[in-house]
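Everything below concerns the one structure shown next.
The values are calculated or read from the model by the stated rules, or taken from the named source; none is laboratory data. Note that the coordinates shown come from a computational prediction; the quantities given were computed from them, not determined experimentally. Here Cβ is always computed from backbone atoms with ideal geometry, including for glycine, and neighbour counts include all displayed protein chains. Accessible surface areas use protein heavy atoms only, side chains included; no ligands, DNA or RNA. Shrake-Rupley method; radii C 1.70, N 1.55, O 1.52, S 1.80 Å.
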Amino acid sequence: MLSNHRIQTTLDEIKEISRIDMALYNEGGKLLAATFDQQENFEIAVSDFAESMAESQTYAGYHFFKVVSDGDLAYVLLLCSSTEEAYMVGKLAVCQIRHLVEAYREQFDRNSFMQNILLGNMLVVDMYNKARKFHIEETERVVYVIEVEGKKDTYIMEMVKSLFGGSSRDFVTEIDEQSIIVIKDVRDQNNEEMLESMAKTMVDNLHCEAMVRVRVGYGNRVFHLQDITRSYQEAKMAIEVGKIFYAEKETLSYGRLGIGRLIYQIPMSLCEMFIREVFGEEIPDVFSEENMITIQKFFENNLNISETARQLFVHRNTLLYRLERLEKIIGLDIRKFEDAMTFKIAMMVLSNMNYQKEEK
């Protein structure tokens with residue numbers, strides 16, 4: 001149902017116009033919102049009225065009205081007056097509250113519909129029948145998954161809705177406690193750079209406004225409702241692959257994960273077989289800070305010894321000595337392209353294996 005804050009705001013606005021105090025109750029007689037401090041207990045009177053056949057009635061100088069939506073009693077409205085003017089104000093207030101309830105219910109139903117699509121819980125026939133009912137059209141869409149670092153609260157969710165859920169063409173929802181999902185209509189974003197810019201906007205806004213760190217992954221474009229779940233799975237995979245291989249990145253596109261996407265999907269048994277093939281039964285200890293910095297710089301400079309030595313502020317012979325020492329440990333000469341490629345892939349496979357083991 002509607003939030004009590006939304007109800008209170010509505011009643012306050014109606015009172016400001018009509019100058020008549022009022023209160024709203026649920027069908028059990030519990031007070032939800034009011035524009036005045038109540039001295040009397042109306043719980044029994046409201047409950048009795050809710051069970052009666054009347055749509056409205058006066059009692060002890062008060063007007064009671066039922067707010068009915070889709071044949072079900074949603075609320076009971078009480079006005080602190082029994083005049084004809086109060087009756088008219090009450091009917092207008094009932095109309096306003098009913099429209100709010102129906103709008104909320106439609107939005108809730110649309111949200112539930114999209115959640116079921118994301119999870120793959122709907123038959124294609126049912127999907128398109130409901131899409132017509134909710135006036136949801138076929139168009140280009142991309143699913144963004146915003147993973148929040150730490151605890152996700154309602155303020156973050158509301159902020160994402162205000163920033164990216166303003167259009168009826170877009171949807172903002174959640175399925176788990178850690179992430180927020182944005183299903184974005186991208187018919188106007190016609191290239192990859194625009195999709196990435198959208199992801200960066202999400203990161204920057206949440207960092208500046210909500211003071212939280214997030215990682216955003218997004219899938220490929222899809223053109224049919226039944227394919228939205230695929231884009232969602234791709235977005236989730238982009239985040240997972242990013243954690244393993246691209247820890248420094250805050251935005252990750254499934255279409256730009258490179259070899260990381262391939263390695264992530266290799267079965268653990270094949271990963272272990274590859275590592276034994278490269279290193280033997282025992283993985284060499286090459287993970288000292290000096291070794292890792294040297295290797296990283298060497299790869300960044302495309303195996304250029306002179307440029308790597310310059311950036312590391314060491315003599316060329318010192319770098320050669322380090323690389324020769326590394327060759328004795330791992331059995332690979334990373335000065336050669338083929339060995340460098342093998343070692344790079346082996347390091348990525350090891351990172352994937354370690355991550356998978358930690359997740360279990």
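Name the shape class, rounded, prolate or oblate, that the alpha-carbon gyration tensor gives for region 1-47, where a ≥ b ≥ c are the square roots of its eigenvalues, rounded holds for a/c under 1.5, and otherwise prolate holds if a/b is larger than b/c and oblate otherwise. List each step's numbers first, then the result.
Details: a/c = 2.45, a/b = 1.32, b/c = 1.85.
The shape class here is oblate.
Could you tell me which of 315, 340, 302 has its Cα farthest along the dipole of region 301-348 towards the positive end, charges placed at Cβ (Lys, Arg +1; Asp, Glu -1), taken about the Cα centre?
Going by the charge dipole, the pick is 315.
Send over a whole-number figure in Å² for the accessible area per residue of the chain, probe 1.4 Å. If you can, show how the numbers build up before the last one.
Details: 20200 Å² over 360 residues.
Per residue, the chain has 56 Å² of solvent-accessible surface.
Take the Cα coordinates of the chain, assign each an equal point scatterer, and use the Debye formula without solvent to give log10 I(q)/I(0) at q = 0.06, 0.09, 0.12 Å⁻¹.
One equal scatterer on each Cα of the chain leads to -0.41, -0.72, -0.99.
With only Lys, Arg, Asp and Glu charged, each at its Cβ (+1 for the first two, -1 for the last two), find how big the charge dipole of region 297-351 is about the Cα centre; round to the nearest 20 debye. Please list the in-between numbers first.
Values: 9 positive and 7 negative charges, 38 e Å.
It works out to roughly 180 debye.
So for the chain, taking the charge dipole from beta-carbon charges (+1 Lys/Arg, -1 Asp/Glu), which of 44, 164, 214 sits furthest toward the positive end?
Farthest towards the positive end: 214.
Using a basic spin-label model with each label point 7 Å from the Cα along Cα→Cβ, how many nm lie between residue 48 and residue 270?
Those two pseudo-labels are separated by 7.6 nm.
Which of the listed residues, 255, 241, 331, is farthest toward the dipole's positive end in the chain, when Lys, Arg count +1 and Asp, Glu count -1 at the beta-carbon?
331
Can you give me the relative contact order of the chain as a percent, contacts being Cα pairs under 8 Å and 6 or more apart?
Values: 474 pairs, mean separation 36.7, N = 360.
Averaging sequence separation for qualifying contacts and normalising by length gives 10 percent for the chain.
By a straight-distance test (C-alpha under 22 Å), which lysines pair with residue 297 as possible cross-link partners, with residues fewer than eight away in the same chain excluded?
243, 249, 328, 336, 344
Kindly provide the pair-distance distribution of region 20-94 built from C-alpha pairs, with 5 Å bins from 0 and whole-percent values in order of increasing distance.
3, 17, 33, 28, 16, 3, 0
So which of 15/133; 184/357; 30/236; 152/184 end up more than 31 Å apart, counting from Cα to Cα? Provide the component values of the computation, followed by the final result.
Details: 15/133 35 Å; 184/357 34 Å; 30/236 43 Å; 152/184 21 Å.
Those over the limit are 15/133; 184/357; 30/236.
Please state the charge dipole magnitude for region 230-285, taken about the Cα centre, from unit charges on C-beta atoms (+1 on K and R, -1 on D and E), reported in debye and rounded to the nearest 20. All intermediate terms of the calculation are to be shown ahead of the outcome.
Details: 7 positive and 9 negative charges, 100 e Å.
That gives a dipole near 480 debye.
Could you run the Debye sum over the Cα atoms of region 94-209, one equal point scatterer each and no solvent, and tell me log10 of I(q)/I(0) at q = 0.11, 0.14 Å⁻¹, two decimals?
With no solvent term, the Cα-only Debye profile gives -0.42, -0.67.
Using unit Cβ charges (K, R positive; D, E negative) and no other charged atoms, how large, in debye to the nearest 20, is the dipole of the chain about its Cα centre? Walk me through the numbers before you get to the answer.
Numbers: 41 positive and 58 negative charges, 233 e Å.
The calculation lands at about 1120 debye.
Could you work out how far apart the two model spin labels at residue 163 and residue 8 are, taking each label as a point 7 Å from the Cα in the direction of the beta carbon, and quote it in nm?
2.7 nm
Grab the beta carbon distance between residue 335 and residue 208, set R0 = 41 Å, and tell me the FRET efficiency rounded to 0.05.
Once the sixth-power term is evaluated, E becomes 0.35.
Probe radius 1.4 Å, ligands and nucleic acids ignored: give me the carbon and sulfur share of the accessible area of the chain as a rounded percent. Walk me through the intermediate numbers first.
Values: 9900 of 20200 Å².
Carbon with sulfur: 49 percent of the solvent-accessible area.
For region 219-286 and region 331-360, what is the centre-to-centre distance using only Cα atoms, to the nearest Å?
Computed from Cα coordinates, the inter-centre distance equals 14 Å.
Shape verdict for region 175-282, please, from the Cα gyration tensor: rounded (a/c under 1.5), prolate (a/b greater than b/c) or oblate. Could you put the intermediate results ahead of the total?
Details: a/c = 2.34, a/b = 1.70, b/c = 1.38.
Prolate, since a/c reaches 1.5 and a/b exceeds b/c.
For residue 300 and residue 87, compute 0.36 nm times the residue count separating them, minus their Cα-Cα distance, and round to one decimal in nm. If you can, show how the numbers build up before the last one.
Values: separation 213, 0.36 × 213 = 76.68 nm, distance 7.73 nm.
Roughly 68.9 nm would be gained on extension.
For every other residue with a beta carbon closer than 12 angstrom to the beta carbon of residue 342, add +1 if it is Lys or Arg and -1 if Asp or Glu, then tell me the sum.
Numbers: positive: 336, 344; negative: 277, 333, 338, 339.
Charge balance near residue 342 sits at -2.
Compute the signed sum of charges (Lys and Arg +1, Asp and Glu -1) over the other residues within less than 15 Å, Cβ to Cβ, of residue 126.
Values: positive: 110, 130, 132, 133; negative: 109.
Net local charge, residue 126 excluded: +3.
Where a ≥ b ≥ c are the square roots of the eigenvalues of the C-alpha gyration tensor, would you call region 1-130 rounded, which needs a/c under 1.5, or, failing that, prolate if a/b is larger than b/c, or oblate? It would help to have the intermediate numbers written out before the result.
Values: a/c = 2.57, a/b = 2.24, b/c = 1.15.
Taking the square roots of the gyration eigenvalues as a ≥ b ≥ c, region 1-130 is prolate.
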